[in-house]
Amino acid sequence: VYNDDPLEVAMRWQTMGAQRIHMVDLDGAAAGDVVNFSVIENIANAVLVPTQLGGGIRTLETITRVLKAGVERVILSTIAVENPDLVKAACSRYPDSIIISIDARDGQVATRGWLQGTSLSAIQLAKNMVDLGVKRFIYTDISRDGTLSGPNSAAIAELIEAVNLPVIA
């Protein structure tokens, strides 16, 4: 626990010049639905910069609820692999508000909080998502995340070249 008040942390980041507040509901990711909704809504309505949220967002109804609460962008990950039809529907309804987060180990997508490997390559998933209307991505090389070894620049460049869309790495 770094701080008991997430709103205070968000306000501090805003004061320090953050251009966007990135939130992840880790409890929601584990539960499969947004758990900390009131905290998220309070942050989205208090800060002056745009917000984005990931974690436990697995239905179109949840996407709608989160966006109506003031969050600008919704991050989908595991559901992009497991239910691409939901991604297509979300992109159709909210074309500028959907971000797909791709977590990869050795170029292969991992889901369920990095616990479940797939045979799907990060590049193929990204291309599939572009075909469904996705306009932006978040990419994490999970073999390097948190290791202080720096980003996997080659994999990031390959992804950007493949989709020619904004990628947060």
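What is the extension gain from Ser119 to Arg144, computed as 0.36 nm multiplied by their sequence separation minus the C-alpha to C-alpha distance, in nm to one decimal?
7.1 nm
With every protein chain left in place, what is the accessible area of Ile100 in Å² (1.4 Å probe, nearest 10)?
The value for Ile100 is about 0 Å².
Mean-square fluctuation check for the chain, GNM, Cα pairs under 10 Å: which of Gly133, Gly150, Gly107 is largest?
Gly150
Determine the percent antiparallel among the DSSP beta bridges restricted to region 88-160, to the nearest 5.
If we restrict to bridges inside region 88-160, about 50 percent are antiparallel.
Taking R0 as 22 Å, what FRET efficiency do you get between Asn45 and Tyr2 from their Cβ-Cβ distance, rounded to the nearest 0.05?
0.45
Among the aspartates and glutamates, which have Cα under 19 Å from the Cα of Lys127 when same-chain residues fewer than 8 positions away are ignored?
Leaving aside aspartates and glutamates fewer than 8 places away in the same chain, those within reach of Lys127 are Glu82, Asp85, Asp96, Asp103, Asp106, Asp141, Glu158, Glu161.
Rolling a 1.4 Å sphere over the protein heavy atoms, what is the accessible area per residue of the chain, to the nearest Å²?
Solvent-accessible surface per residue comes out at 54 Å².
Using protein chains only and a probe of 1.4 angstrom, how many square angstrom of Asp33 are accessible, to the nearest 10?
Per-residue accessible area (Asp33): approximately 70 Å².
Could you compute the net charge surrounding Ile43? Neighbours are other residues with a C-beta less than 13 Å from the C-beta of Ile43; K and R count +1, D and E count -1.
Net of charged neighbours comes to -3.
Just to be sure I understand: of the beta bridges DSSP finds with both ends in the chain, what percent are antiparallel, rounded to 5?
Percentage antiparallel, nearest 5: 25.
Counting only protein heavy atoms and a 1.4 Å probe, tell me what percentage of the chain's accessible area is made up of carbon and sulfur.
Numbers: 4720 of 9200 Å².
It is 51 percent, rounded to a whole number.
The values are calculated or read from the model by the stated rules, or taken from the named source; none is laboratory data. Being a predicted model, the structure only gives us computed values, none of them experimental. With ideal geometry, Cβ positions are generated from the backbone for all residues, glycine too; neighbour counts draw on all protein chains shown. Side chains are part of the model used for accessible areas, which takes the heavy atoms of the whole protein and leaves out ligands, DNA and RNA. Shrake-Rupley method; radii C 1.70, N 1.55, O 1.52, S 1.80 Å.
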